[in-house]
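Could you have a look at this structure, given as structure tokens, before my questions?
The values are calculated or read from the model by the stated rules, or taken from the named source; none is laboratory data. None of these values were measured; they are calculated from a predicted model. Quick reminder, even Gly has a Cβ in these numbers, built from the backbone with ideal geometry, and neighbours come from all protein chains shown. The accessibility values were calculated without ligands, DNA or RNA, using every heavy atom of the protein model including side chains. Shrake-Rupley method; radii C 1.70, N 1.55, O 1.52, S 1.80 Å.
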Amino acid sequence: MATKGIFKRGDFYWIRFAGADGETVKESSKSKKKADAEKLLIRRKNDVLERRSPDKVILLEMTFEDFSKKYEEHTAHQKGIVQKKRVIKQLNLYFGRYKLTDINMQIVEQYASMRRKVHKNADSTINRHLATIKNMFTKALDWGYVSSAQNVIIHKVKMEKEQNVRLRFLSRDEIPVFLTACEKQEHLLDIVQYGLNTGCRQSEILGLTWENVDLVHGFITLNITKPSERRDIPINDTLKPILQKRKDANKKMNIPYVFYDYRTNTRFGEIKRSFHTACARAEIKNFRFHDMRHTFASHLVMSGVDLMTVKELLGHKTLAMTLRYSHLAPNHKLSAINVLTEAYKPIKKEEPANEQ
């Protein structure tokens, strides 16, 4: 039978009770045994009755920076954690010394405004920061560090309206110039070649493991992608020798990652510096790592590949996301309109035979 105030989340039992301030507090017993959760619930209720709740003390003293450390530990296994850590680092510069209970809607909105005016961040970047803050407060509520009322207020902060009009991709002339600029750093050249020939996201590239690469049948299988769906990517003739070379070099080391930094004995977390250096060397401006994905998709569409196939290769959840490339399809609108030519032809009347 279910016990009031005790519930299971994953493998562990959690407790739920009203804190000294009347707000609902949730706390993990950190135990797989229900009996341990029952004992903890009794202790917490007694603490509230005696008005010396330990959770209330934590709630008053917990700073944003202290909580962010707990949050990072909790999310360490998640995909995209490298990028999330960078965002949290920026958040700490602003919110670090604030007590969690002192952060309100106005403070968060001022932060978003500062990112826009001072750092000149794009709407999409600001939204990533806001989404992280909201997720952090959701977890803070689960752990009993903030009240449900405060969490609701933080989630009322409006996200920016993103204008996804930017579509930068390398032209046929720029591609060989850029690849030549990458040759001075072999790891960068291989990563760029992989990106241009698969359209994968940066996290999918740098986190790629050999168990997902099938050189025999010529496929790369991505099980952990952005929409959390499996995706199969064919290995083309350009990519196969690159992967084979890296696999041969890795035979003795037996490293699980395809792109591995042997100098530091860690997988590549990011290649921003070397990537920007190659762009400068090639005199290619306004080009980001993610734009290799745009390059992959754009050249497929310009070569006549249908949008549904491009959608599957990119791993887009909806076709609407792929339609941004539709204008690049060669004569796609003219071809569509031309089907009417035959349909609209007037019926020819048979002419009467000439009398002899």
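Quick one: is N151 under 30 Å from I6 (Cα atoms), in contact with a Phe, Trp or Tyr (Cβ under 6 Å, 6 or more places away or on another chain) and of a type in the set (S, T, N, Q)? So that I can check it myself, show each step before the final result.
Details: under 30 Å from I6 (Cα atoms): yes; in contact with a Phe, Trp or Tyr (Cβ under 6 Å, 6 or more places away or on another chain): yes; of a type in the set (S, T, N, Q): yes.
The answer is yes for N151.
Can I ask one more? Within the bounds of the stretch 195-205, is there any residue that is without any contact (Cβ under 8 Å) to a residue 60 or more places away in the chain, more than 16 Å from P241 (Cα to Cα) and open to solvent by less than 40 Å² (accessible area, probe 1.4 Å)? Reasoning before the result, please.
Initial filter on the stretch 195-205 (without any contact (Cβ under 8 Å) to a residue 60 or more places away in the chain): 204-205.
Still in the running and more than 16 Å from P241 (Cα to Cα): 204-205.
Cutting the leftovers down to open to solvent by less than 40 Å² (accessible area, probe 1.4 Å) gives us 204-205.
Yes: one or more hits.
Confirm whether I107 is β-branched (V, I, T), touching a Cys at 6+ places or on another chain (Cβ under 9 Å) and assigned to a helix (DSSP H, G or I).
So I107 does not fit the description; no.
Of the conditions (1) open to solvent by less than 30 Å² (accessible area, probe 1.4 Å); (2) closer than 30 Å to P241 by Cα; (3) of a type outside the set (S, T, N, Q), H187 satisfies every one except a single condition; which number is it?
(1)
Of all residues in the stretch 6-43, which are without any contact (Cβ under 8 Å) to a residue 24 or more places away in the chain, part of a helix (DSSP H, G or I) and either of a type in the set (G, A, S) or on the phi > 0 side of the Ramachandran plot (or both)?
If the condition is that a residue be without any contact (Cβ under 8 Å) to a residue 24 or more places away in the chain, part of a helix (DSSP H, G or I) and either of a type in the set (G, A, S) or on the phi > 0 side of the Ramachandran plot (or both), then A35 is the only one that fits.
Residue check, L179 against (1) open to solvent by less than 40 Å² (accessible area, probe 1.4 Å); (2) closer than 14 Å to A282 by Cβ; (3) touching a residue at least 24 places away in the same chain (Cβ under 8 Å), all met but one. Which one?
Every condition holds for L179 apart from (3).
Here's something else I'd like to know. How many of the residues making up the stretch 150-159 are open to solvent by 50 Å² or more (accessible area, probe 1.4 Å) and closer than 22 Å to N92 by Cβ?
Looking only at that region, the number is 3.
So S147 passes all but one of these: (1) under 25 Å from E270 (Cβ atoms); (2) open to solvent by less than 30 Å² (accessible area, probe 1.4 Å); (3) at pLDDT below 90. Which condition number does it fail?
With respect to (1) under 25 Å from E270 (Cβ atoms); (2) open to solvent by less than 30 Å² (accessible area, probe 1.4 Å); (3) at pLDDT below 90, S147 is out only on (1).
Could you grab the pairs with beta carbons closer than 6 Å, sequence gap of 6+ or different chains, first residue in the stretch 158-170 and under 18 Å from R116 (Cα atoms), second one open to solvent by less than 100 Å² (accessible area, probe 1.4 Å) and at pLDDT 80 or above?
Note: pairs meeting the criteria are M159/N127; M159/L130; E160/D123; E160/I126; E160/N127; E162/D123; E162/S124.
Still on this structure, please answer the following. Among the candidates I242, I255, single out the residue that is of a type in the set (A, V, I, L, M, F, W, C), modelled with pLDDT under 90 and either out of contact with any Pro (no Cβ under 6 Å at 6 or more places or on another chain) or buried (at least 16 other Cβ atoms within 10 Å of the Cβ) (or both).
Details: I242 fails: modelled with pLDDT under 90.
Testing whether each residue is of a type in the set (A, V, I, L, M, F, W, C), modelled with pLDDT under 90 and either out of contact with any Pro (no Cβ under 6 Å at 6 or more places or on another chain) or buried (at least 16 other Cβ atoms within 10 Å of the Cβ) (or both) leaves just I255.
Yes/no per residue for (1) aliphatic (A, V, I, L, M); (2) within 27 Å of K252 (Cβ to Cβ):
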residue: F169; (1), (2): no, no
residue: V177; (1), (2): yes, no
residue: A181; (1), (2): yes, no
residue: N212; (1), (2): no, yes
residue: L215; (1), (2): yes, yes
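It is to be established whether one or more residues within the stretch 44-54 are under 21 Å from Y13 (Cα atoms), part of a loop (DSSP other than H, G, I, E, B) and either at pLDDT below 80 or touching a Pro at 6+ places or on another chain (Cβ under 6 Å) (or both).
As a first pass, look at the stretch 44-54 and keep what is under 21 Å from Y13 (Cα atoms): 44-48, 53-54.
After this cut, where a residue has to be part of a loop (DSSP other than H, G, I, E, B) as well, the list is 53.
Retained after the next criterion (residues that are either at pLDDT below 80 or touching a Pro at 6+ places or on another chain (Cβ under 6 Å) (or both)): 53.
Yes, the stretch 44-54 has at least one match.
I'm checking my understanding of the structure. Among residues of the stretch 89-121 that are over 22 Å from the mean Cα position of the chain (by Cα) and small (G, A, S), which one is least open to solvent (accessible area, probe 1.4 Å)?
Going through the qualifying residues, I end up with G96.
Of all residues in the stretch 90-104, which are in a helix (DSSP H, G or I) and closer than 22 Å to K161 by Cα? Before the answer, list the steps.
Applying the first criterion (in a helix (DSSP H, G or I)) to the stretch 90-104 yields 90-95, 100-102.
Matches in the stretch 90-104: Q90, L91.
Let me ask you something else. Test each condition in (1) surrounded by fewer than 19 Cβ atoms within 10 Å (Cβ to Cβ); (2) touching a strand residue (DSSP E or B) at 6+ places or on another chain (Cβ under 6 Å); (3) within 19 Å of H290 (Cα to Cα) for F219 and report the one that comes out false.
So F219 meets the others, but not (3).
Oh, and also: Do you know which residues across the stretch 265-279 are surrounded by 11 or more Cβ atoms within 10 Å (Cβ to Cβ) and either at pLDDT 85 or above or touching a His at 6+ places or on another chain (Cβ under 9 Å) (or both)?
F268, I271, K272, S274, F275, H276, T277, A278, C279
Next question, about the same structure. Could you go through the stretch 252-264 and let me know if any residue there is under 25 Å from T309 (Cβ atoms) and out of contact with any helix residue (DSSP H, G or I) (no Cβ under 9 Å at 6 or more places or on another chain). Before you say what the answer is, go through the steps one by one.
Our first condition is that a residue be under 25 Å from T309 (Cβ atoms); within the stretch 252-264, this holds for 258.
Cutting the leftovers down to out of contact with any helix residue (DSSP H, G or I) (no Cβ under 9 Å at 6 or more places or on another chain) gives us none.
Taking every residue of the stretch 252-264 in turn, none turns out to be under 25 Å from T309 (Cβ atoms) and out of contact with any helix residue (DSSP H, G or I) (no Cβ under 9 Å at 6 or more places or on another chain).
Quick check on this structure: which one of F296, F287 is within 27 Å of L215 (Cα to Cα) and not polar (S, T, N, Q)?
Values: F287 fails: within 27 Å of L215 (Cα to Cα).
Going through F296, F287 in turn, the sole match is F296.
Within the stretch 125-201, considering only helices (runs of 4 or more DSSP H) that don't extend past its boundaries, which have at least 3 residues that are under 30 Å from K26 (Cβ atoms) and among the hydrophobic types (A, V, I, L, M, F, W, C)?
Hits in the stretch 125-201: 148-155.
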